[in-house]
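Q: Here's a structure for you.
The values are calculated or read from the model by the stated rules, or taken from the named source; none is laboratory data. Treat the numbers as computed from the prediction; the structure is a model and nothing was measured. Neighbour counts are summed over all protein chains in view; Cβ atoms, including those assigned to glycine, are modelled from backbone coordinates with ideal geometry.
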Amino acid sequence: MARIRQPAVAGMFYDGDPAALRDHVDLLLRQAHGVEHQGTIVGLVSPHAGYMYSGLAAAAGYRALKGVSFDVVFLVGPSHREFFTGASMYPGDAYRTPLGDVLLNVEARASLAAESGCLKLSEAGHRSEHSLEVQLPFLQRVLGSFTIVPIVIGDQTPEACFEVGRALAKVARDYRALLVASSDLSHFHPYDDAVLLDRRVIDSVESFDEKEMMNLLADEQLEACGGGPVVSVMLASKLLGANRSQALYYCNSGDVTGDKKGVVGYLSAAFLRSN
């Protein structure tokens, strides 16, 4: 019997009804705007809040994938509810959303496990985690057919983040692969303070220097709940030939709700191989 990871936040972070979810994602993709990317997308940074808050930011990145096909999408996110060392890959057969099941690429997952002891098959970090799940309906509407390897990084140490990035690059080069780092930015600061804090992260992402970004995260000079996954995907993208980074869209929850007392920041960015 297939082992399927059931939706944890359907009906909360996004619509639980398939037709309503499909229509909402399609609407966000139509409404999305932002900087046009220059080059071939190797990796993306995408937010993971409820769609009413971060949906347009996520859509700004995913709309750039229309017309492109991939064998496998490597999803890398943080663990919000469980603490563990290293990184975990879901050991089952599929992730389910209201739009259907997305099969795991068991071959690529096995290659990653063989490549690095840091990457373990485990449900830790997957059971109730939303950071990867919320990416899937966008991918389902834009890509159609694809497989995934869902990866959750537990403690986000420099050693784990760099190890995941190196392993991803070695395995992903054998596929038509997309890398996605799931991260929100600063949390619950007043609007103007949040914009300044988030600008530091955006500048760091666009500098395309994973070591410097990791240092700034470790020194708490940057605030991003998925900063480690961003570092991993940045490094892997670079090893796969990406040579520049570009922020595509930024906003925060205050831009959406009008409540600017304590906001959360959202970024969509791309790691690109220049044509």
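Q: Taking the condition in a strand (DSSP E or B), among the small types (Gly, Ala, Ser) and either in contact with a strand residue (DSSP E or B) (Cβ under 7 Å, 6 or more places away or on another chain) or in contact (Cβ under 8 Å) with a residue 24 or more places away in the chain (or both), does Ala247 pass? It would help to see each step written out before you state the result.
A: Details: in a strand (DSSP E or B): yes; among the small types (Gly, Ala, Ser): yes; either in contact with a strand residue (DSSP E or B) (Cβ under 7 Å, 6 or more places away or on another chain) or in contact (Cβ under 8 Å) with a residue 24 or more places away in the chain (or both): yes.
For Ala247, the condition - in a strand (DSSP E or B), among the small types (Gly, Ala, Ser) and either in contact with a strand residue (DSSP E or B) (Cβ under 7 Å, 6 or more places away or on another chain) or in contact (Cβ under 8 Å) with a residue 24 or more places away in the chain (or both) - is met.
Q: Additional query: Which number in (1) closer than 15 Å to Ala236 by Cα; (2) without any contact (Cβ under 8 Å) to a residue 60 or more places away in the chain; (3) not in a helix (DSSP H, G or I) marks the one condition that Val149 misses?
A: Against the list (1) closer than 15 Å to Ala236 by Cα; (2) without any contact (Cβ under 8 Å) to a residue 60 or more places away in the chain; (3) not in a helix (DSSP H, G or I), Val149 comes up short only on (2).
Q: For the range 201-217: of the residues being closer than 15 Å to Thr157 by Cα and either under 18 Å from the mean Cα position of the chain (by Cα) or modelled with pLDDT under 95 (or both), which is surrounded by the fewest Cβ atoms within 10 Å (Cβ to Cβ)? Working first, answer last.
A: Here is the first cut: in the range 201-217, the residues closer than 15 Å to Thr157 by Cα are 210-217.
Keeping just the survivors that are either under 18 Å from the mean Cα position of the chain (by Cα) or modelled with pLDDT under 95 (or both) gives 210, 213-214, 217.
Details: Glu210: 24, Met213: 25, Met214: 25, Leu217: 21.
So the residue we want is Leu217.
Q: Does Ala32 meet the test of being on the phi < 0 side of the Ramachandran plot and in contact with a Leu (Cβ under 6 Å, 6 or more places away or on another chain)?
A: On the way: on the phi < 0 side of the Ramachandran plot: yes; in contact with a Leu (Cβ under 6 Å, 6 or more places away or on another chain): yes.
Yes, satisfied.
Q: Has the range 98-111 got at least one residue that is free of Cβ contacts under 8 Å to residues at least 24 places away in the same chain, outside any helix (DSSP H, G or I), within 24 Å of Ala19 (Cα to Cα) and more than 18 Å from the chain's Cα centre (by Cα)? I'd like the intermediate steps shown before the answer.
A: First, the residues of the range 98-111 that are free of Cβ contacts under 8 Å to residues at least 24 places away in the same chain: 106-107, 110.
When the remaining residues are screened for being outside any helix (DSSP H, G or I), the result is none.
Within the range 98-111, none of the residues are free of Cβ contacts under 8 Å to residues at least 24 places away in the same chain, outside any helix (DSSP H, G or I), within 24 Å of Ala19 (Cα to Cα) and more than 18 Å from the chain's Cα centre (by Cα).
Q: Which numbered condition trips up Glu206, out of (1) touching a helix residue (DSSP H, G or I) at 6+ places or on another chain (Cβ under 9 Å); (2) over 23 Å from His80 (Cβ atoms); (3) touching a residue at least 60 places away in the same chain (Cβ under 8 Å)?
A: That leaves (1) as the condition not met.
Q: Within the range 220-243, is even one residue more than 14 Å from the chain's Cα centre (by Cα), touching a residue at least 40 places away in the same chain (Cβ under 8 Å), surrounded by fewer than 17 Cβ atoms within 10 Å (Cβ to Cβ) and in a strand (DSSP E or B)?
A: no
Q: Then there is this: In the list Leu75, Leu28, which residue meets the criterion of being over 27 Å from Val106 (Cβ atoms), crowded, with 19+ Cβ neighbours inside 10 Å and touching a helix residue (DSSP H, G or I) at 6+ places or on another chain (Cβ under 9 Å)? If you could, list the steps in order and put the result at the bottom.
A: Details: Leu75 fails: over 27 Å from Val106 (Cβ atoms).
Of Leu75, Leu28, the one residue that is over 27 Å from Val106 (Cβ atoms), crowded, with 19+ Cβ neighbours inside 10 Å and touching a helix residue (DSSP H, G or I) at 6+ places or on another chain (Cβ under 9 Å) is Leu28.
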